[in-house]
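The values are calculated or read from the model by the stated rules, or taken from the named source; none is laboratory data. Remember, predicted model here, so these are calculated numbers, not experimental data. Here the Cβ is made from the backbone with ideal geometry for all residues, glycine too, and neighbour counts use every protein chain on show.
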Amino acid sequence: MVDGTYPMIGNTNHVNENYPDLVNRRPGIKSVSPRISMEENSPLIEGGIQEGPFNGSIPTLTGRTSFNSEFTMYWVATASSLMFTSTVWYIVLSAEHEFFIWHPIFMSTTLFLLTQGPLLLQTAETREEKEKGLNVHRSIQSLAFLTGICGFYIIYTNKKDHNAEHFTSAHGMFGVLTLSLIFIQVLGGALVVNAPALFGGVARARGIYKYHRISGYTILLFAWLTALGGTQRDWVTDRFNHIWFWLLAFTLTWIGIGSRVKLNKMKVL
């Protein structure tokens, strides 16, 4: 084959048998490339057809993806938030066991789960990806709210047992505010998905999505700021006084999240 044409030398019966698409072709007309039937917007054809393990086809919770900048930034955000959470776990598990240590354990877990929630939906494009992403998203966010409630119960009970005042620090007040907003966010998201009639139908309910996304990023930022405040409490600094480490994890996480934000999904641009 030269320049995209098949040679027609000698007996051409083998062409009719092996290349049925070329039957009755006219001399001088170039052959047609084999047709590949793939669903439009399939994740396998973003940036070119991807097949096999060595050219970018990677399975994820929401479908297959390519090894590209968005995939890389997902792991930057995930690894950084996991670094933050695992360090909190290391600090508290290295300390003497007491009832209080369950507060940072639950709250750091909440932070990691909250961060994963939007990350898994940011690049969903096809209907299948969005459906899978939504199922994982609501499961993770619901679990995040439950671990947050557990963390709140621990610190509230601990202060009550020690006759300490509640919500006297910026960390405590921000924490209560953030947990309240998470509850509203989870409830609102559940109603939009499961009871669209309350908003006037599916079409109008989908119009709420952009507000849900914007408020979700805002609440996530509040959660991270609350966590950063917690790292500067005396109980933590007495055991691990390295603010640069916490700021590095925060910065890398938000670089990863921010680089994957699609403003068109929020109808901002």
Legend entry - Whichever residue in region 141-157 is polar (S, T, N, Q) and surrounded by fewer than 16 Cβ atoms within 10 Å (Cβ to Cβ) and, among such residues, is modelled with the highest pLDDT: 157
Inset, instruction - Answer yes if at least one residue in region 220-229 is without any contact (Cβ under 8 Å) to a residue 24 or more places away in the chain, more than 30 Å from residue 126 (Cβ to Cβ), surrounded by 14 or more Cβ atoms within 10 Å (Cβ to Cβ) and in contact with a His (Cβ under 8 Å, 6 or more places away or on another chain), and no otherwise. - result: no
Legend entry - Count of residues meeting criterion [out of contact with any Pro (no Cβ under 9 Å at 6 or more places or on another chain) and surrounded by 15 or more Cβ atoms within 10 Å (Cβ to Cβ)] in region 125-140: 7
Inset, instruction - Using the structure shown, decide if residue 205 is without any contact (Cβ under 8 Å) to a residue 40 or more places away in the chain, over 21 Å from residue 115 (Cβ atoms) and in contact with a Phe, Trp or Tyr (Cβ under 6 Å, 6 or more places away or on another chain). - result: yes
Inset, instruction - Using the structure shown, decide if residue 160 is surrounded by fewer than 16 Cβ atoms within 10 Å (Cβ to Cβ) and under 16 Å from the mean Cα position of the chain (by Cα). - result: no
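If I ask for residues that are touching a residue at least 40 places away in the same chain (Cβ under 8 Å) and out of contact with any Asp or Glu (no Cβ under 7 Å at 6 or more places or on another chain), which ones from region 119-129 would you list? Even if it seems obvious, please write down each step before you answer.
Of region 119-129, the ones touching a residue at least 40 places away in the same chain (Cβ under 8 Å) are 119-126, 128-129.
Those that are touching a residue at least 40 places away in the same chain (Cβ under 8 Å) and out of contact with any Asp or Glu (no Cβ under 7 Å at 6 or more places or on another chain): 119, 120, 121, 122, 124, 125, 126, 128, 129.
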Inset, instruction - Looking at (1) surrounded by 16 or more Cβ atoms within 10 Å (Cβ to Cβ); (2) free of Cβ contacts under 8 Å to residues at least 24 places away in the same chain; (3) among the aliphatic types (A, V, I, L, M), find the lone condition where residue 195 falls short. - result: (1)
Legend entry - Cβ-Cβ under 7 Å pairs, at least 6 apart or on other chains, region 52-74 side under 21 Å from residue 259 (Cβ atoms), far side among the charged types (D, E, K, R) and modelled with pLDDT under 65: 66/46
